[in-house]
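Since every read-out is calculated from the coordinates, none of them should be taken as a lab result. In this text the structure is predicted, and so the values were computed from the model without any measurement. With ideal geometry, Cβ positions are generated from the backbone for all residues, glycine too; neighbour counts draw on all protein chains shown.
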Amino acid sequence: MGRWENKYVIGLTGNIATGKSLVRRMLEHLGAYTIDADGLAHQSMAPGAPAYQPVIKAFGDWILDAEGRIDRGKLGAVAFAHPDALNRLEALTHPVVGQAIDTLIQRSRHKVVVVEAIKLLEGHLAGQMDAIWVVDADEAHQLERLAKRGLSQAEAIKRIRAQNPQAEKLAQANVVIKNSGSPEDTWAQVRKALQGIQGTAEAEAEQATVHRVQMQVGSAGAGQHEIKALDIVRGLPRNADQIAGLLRQASGRVLTRENVLMLFGQKSYMMAIADNEPVGLVGFLVENLVTRVDEFFVSPQVPMAPITAALVDAIERASKELQSEVGYIFVPQGAAPALLDTLKKQGYERQELDDIRVPAWREAVRESRPDGTLIMAKKLRAERVLKPL
């Protein structure tokens, strides 16, 4: 039994670039509450956060960028090259991260919680889990994924070699997810393993993944269809072909079902289904207590305002379930006035990047904001989950 009463907490781990985040997002789609411990570690080193000054004192101000932020690339180059330096860094960040994880799990209303951490088995967290899941992939796939992140082969090999052998993690696993095949194969393994959890039936997991809002919609404009009923549905593998079709309408991108399943490893989707036809789509990410929407499409054949409002409501519902503190919607410049007006009515306000006062929020927006977009922001919680994280 794990540490947290009335929760089934899965410790998710595996070496670098095996696909842990993909599996974590799959579990989130299937109704689990998920925590990225490594992401929380990054937040702990943001300006003003608890580990910021201690890390600078330990490693020197040469690791800072021009804006006074800790440059993860510089810090990582030292930490991964020298085991003593990595141990020193973890000693500064792990206590803060442990406190954040405890707070998030206790506040979560989900029965199944997932904690992803690359060093899960090397620290004290492993003994607090109900089960250990290890994601495995062959080295060729690891190198390919690290190359996509911009690492040279030499640097990628160094990072892989700096970690404890994957075999040691596999020896301690209750569940092993093989992630060297297709996304469909990985999904099948995750679903099967989740169904095997004590007290978690397939129907319960499936129900937790779908959020539906039934509403009546009328008053269609010129050239638009009048809608009798609208459902807002959480995107799942069974919706992959519909999502691909909506993305093609929105951007012209021609995507296969496999492409969409890979996108599920990066973000979540909400679809608007009007009278059994897909008419709207939102792509969003809830990561480290920040919600970011980078895709928003409503068919011109249907009324925009009510569908936009329903999609935003669904995103906020999902965000609050994941304890998100703030929501950002990135709107293309020149977007339809009806979209901006509806977002304002929903409580979103225009904001410039430099006006975002919380460093972790500003960094999240900086990393994910598409070029040429406006920032629409709304605070989703009255208080921070863990000050000053």
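Based on DSSP H segments of at least four residues, each scored -39500 (n - 2.57), the chain has a per-residue ellipticity at 222 nm of -12500 deg cm²/dmol.
Against the main long axis of the alpha-carbon atoms of the chain, helix 304-321 sits at an angle near 30°. The ranking of V290, V96 by Cβ neighbour count inside 10 Å, starting from the fewest, reads V96, V290. Put a plus charge on the Cβ of each Lys and Arg, a minus charge on the Cβ of each Asp and Glu, and nothing anywhere else: the dipole of the chain about its Cα centre is then about 360 debye. Between E168 and A382, the contour length at 0.36 nm per residue exceeds the Cα-Cα span by 72.7 nm.
Which residue fluctuates the most in the chain, going by a Gaussian network model with Cα springs under 10 Å, if the choices are P54, P337, P306? Greatest mean-square fluctuation among the candidates belongs to P337.
In plain terms, if you count all Cα to Cα distances in the stretch 210-379 and split them into 5 Å steps from zero, the share in each step is 1, 9, 18, 22, 21, 16, 9, 3, 1, 0 percent. Split the chain at each of the GluC sites (Glu not before Pro) in a DSSP loop with at most 16 other beta carbon atoms within 10 Å, and the longest piece is 68-225.
Ranked by how many other Cβ atoms sit within 10 Å of their own Cβ, fewest first, the residues H110, H29, H124 fall in the order H124, H110, H29. Stretching K57 away from N6 to a fully extended chain increases their span by 14.3 nm, per 0.36 nm per residue minus the current alpha-carbon distance. Computed from Cα atoms, the angle from the helix 20-29 axis to the main principal axis of the chain rounds to 40 degrees.
Rounded to the nearest 0.05, the FRET efficiency derived from the C-beta distance between A91 and A335 at R0 = 41 Å is 0.30.
Taking a label point 7 Å from the Cα of K345 along the Cα→Cβ vector, which residues of the stretch 274-294 have an amide N closer than 16 Å to it? Backbone N within reach: none found. For the stretch 282-345, the orientation-averaged shadow of the C-alpha convex hull comes to 4.2 nm² (one quarter of the hull surface). Computed from Cα atoms, the angle from the helix 72-81 axis to the main principal axis of the chain rounds to 30 degrees. The order of V331, V176, going from fewest to most other C-beta atoms within 10 Å of their C-beta, is V176, V331.
Stretching D102 away from E184 to a fully extended chain increases their span by 26.2 nm, per 0.36 nm per residue minus the current alpha-carbon distance. Taking Cβ atoms as reference points and 14 Å as the exclusive limit, the residues near E116 contribute a net charge of +1, counting Lys and Arg as +1 and Asp and Glu as -1. Loop-located trypsin sites (Lys or Arg not before Pro) across the stretch 233-290 with a Cβ neighbour count of 13 or fewer within 10 Å are R253, with loop assigned by DSSP. Legend: P(r) of the chain from all alpha carbon pair distances, 10 Å bins from 0, whole percents, reading 5, 22, 32, 27, 12, 3, 0.
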